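Colleague: Encoded as structure tokens, here's the structure I'll be asking about.
The values are calculated or read from the model by the stated rules, or taken from the named source; none is laboratory data. Remember, it's a predicted structure, so these values are computed and weren't measured experimentally. All Cβ positions, even for glycine, are placed from backbone atoms using ideal geometry, and neighbour counts span all protein chains on display. Surface areas here come from the heavy atoms of the whole protein model, side chains and all, with no ligands, DNA or RNA. Shrake-Rupley method; radii C 1.70, N 1.55, O 1.52, S 1.80 Å.
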Amino acid sequence: ASLTPTDAPEEYVTDVGVDAPLGPSLQPGAAGVNFAVFSRHASAVSLCLLVGMDSQVREIAMHRTGDTWHVMVTDLPGSNVRYSYRVFSEGMSACG
């Protein structure tokens, strides 16, 4: 399955972000959280967000620079945010 940046939920604004550092990080001068993960063999990666007590997982397509996948998400609350990455490779995907 192919994801596009428009798959982001309306309540979160996303941008391309940067490829370093890996993991979630606050970027100087940015109003959001940058997420980055390394995967040489992925054909697509999405960020899976679970916010507060909400049971709905929000899936956001990530952008690729070299072997690093990244996205900037604004308007996330300061706490109670859980995340994982969904990695696609040759017709298969896995969360975690």
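Colleague: Could you check the simple spin-label distance between Gln27 and Ser43, using points 7 Å along Cα→Cβ, in nm with one decimal?
Modeller: 2.8 nm
Colleague: Might you work out the accessible area of Glu11 for me, using a 1.4 Å probe with all protein chains in place, and round it to the nearest 10 Å²?
Modeller: Estimated to the nearest 10 Å², Glu11 gives 90 Å².
Colleague: Right, here's the next one. Could you check the simple spin-label distance between Glu90 and Gln56, using points 7 Å along Cα→Cβ, in nm with one decimal?
Modeller: The modelled label-to-label distance comes out at 3.6 nm.
Colleague: Then there is this: If the only charges are +1 at each Lys and Arg Cβ and -1 at each Asp and Glu Cβ, what is the size of the charge dipole of segment 13-96 around the Cα centre, to the nearest 20 debye? Mind dumping the intermediate values first?
Modeller: Values: 5 positive and 7 negative charges, 26 e Å.
That gives segment 13-96 a dipole magnitude of about 120 debye.
Colleague: Same structure again: Need one number: nm distance between label points at Val81 and Val13, each 7 Å from Cα along Cα→Cβ, rounded to one decimal.
Modeller: 1.4 nm
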